[in-house]
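The values are calculated or read from the model by the stated rules, or taken from the named source; none is laboratory data. These numbers were taken from a predicted model, which means no experiment stands behind them. Please note: Cβ atoms are built from the backbone with ideal geometry, for glycine as well, and neighbour counts cover all protein chains shown. Surface areas here come from the heavy atoms of the whole protein model, side chains and all, with no ligands, DNA or RNA. Shrake-Rupley method; radii C 1.70, N 1.55, O 1.52, S 1.80 Å.
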Amino acid sequence: MLKKTLFIFLFLISFSFFQIAWAENATLYFSPATGTFYQGENFWLTIMVNTKGGAVNAVAAYLSYPEDQLEPLGVNTAGSVLTIWAEKDIMAGKVAIAGGVPTPGFSGIQKIASVGFKARVASGTLNLKFSQDSAILTDAENKNILNLTLAGQGNYSFQPKPASLPAEIQPPVISEIKISDLSREGATISWKTDKSSNSQVEHGLTGDYGFLMIT
């Protein structure tokens, strides 16, 4: 009986240690993590979270960017797992994104937000990383389980825009733009492109738009 009790005791200690170690490995990362951009090109980076199985209900992602290299375009939260926002700002060399969801929270790999930039320079490299005040908070104990050592960094480079783009990276031709199902609540907008591509639609109630949708 003594051996059995000792075995169970040791098992519980080992299991608890495993849970703690596992829970503190939650990470933030950029998608894409690498890339090369032309001077004057707009590009978007998506901030992702991996809770490594833990249930969390709040995420804060903070980072700095060099203003001499990047012009900020905005923050896009379409498709984010977060539904309650405390911060979603990008200005003066800082990105601040923080928000949460009600209990029981969420787990797994999820999108937090996308941040947009315009490349100001024709050469050089850029390293983006999350700052120490970033956090991933558990739903049950409000504990920060973000492991910054494991958090992904973004590594990018810049180059001059060529006089003419190679055929394989020429922008797609948009045609057959149609508006249907128009009502007070919304509308359906459709279009075709001559090659597979992602799309970005700015919309709003005024000429300044103010909203961005990426498809």
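General remarks:
- Yes/no for residue 47 being of a type in the set (Val, Ile, Thr), in contact with a Ser or Thr (Cβ under 9 Å, 6 or more places away or on another chain) and within 25 Å of residue 199 (Cβ to Cβ): yes
- 2 or more residues open to solvent by 30 Å² or more (accessible area, probe 1.4 Å) and either touching a helix residue (DSSP H, G or I) at 6+ places or on another chain (Cβ under 7 Å) or more than 21 Å from residue 26 (Cα to Cα) (or both): qualifying strands (runs of 3 or more DSSP E) within the stretch 58-137: 70-76, 84-91, 124-128
- Taken over the stretch 35-53, the residue count meeting the criterion of being in contact with a Phe, Trp or Tyr (Cβ under 9 Å, 6 or more places away or on another chain), open to solvent by 20 Å² or more (accessible area, probe 1.4 Å) and assigned to a loop (DSSP other than H, G, I, E, B) is 4.
- Checking each residue in the stretch 45-83 for being touching an Asp or Glu at 6+ places or on another chain (Cβ under 7 Å), under 20 Å from residue 153 (Cα atoms) and of a type in the set (S, T, N, Q) picks out no residue at all.
- Those residues of the stretch 160-180 which are assigned to a loop (DSSP other than H, G, I, E, B) and either at pLDDT 75 or above or touching an Asp or Glu at 6+ places or on another chain (Cβ under 7 Å) (or both), in sequence order: 160, 161, 162, 163, 172, 173
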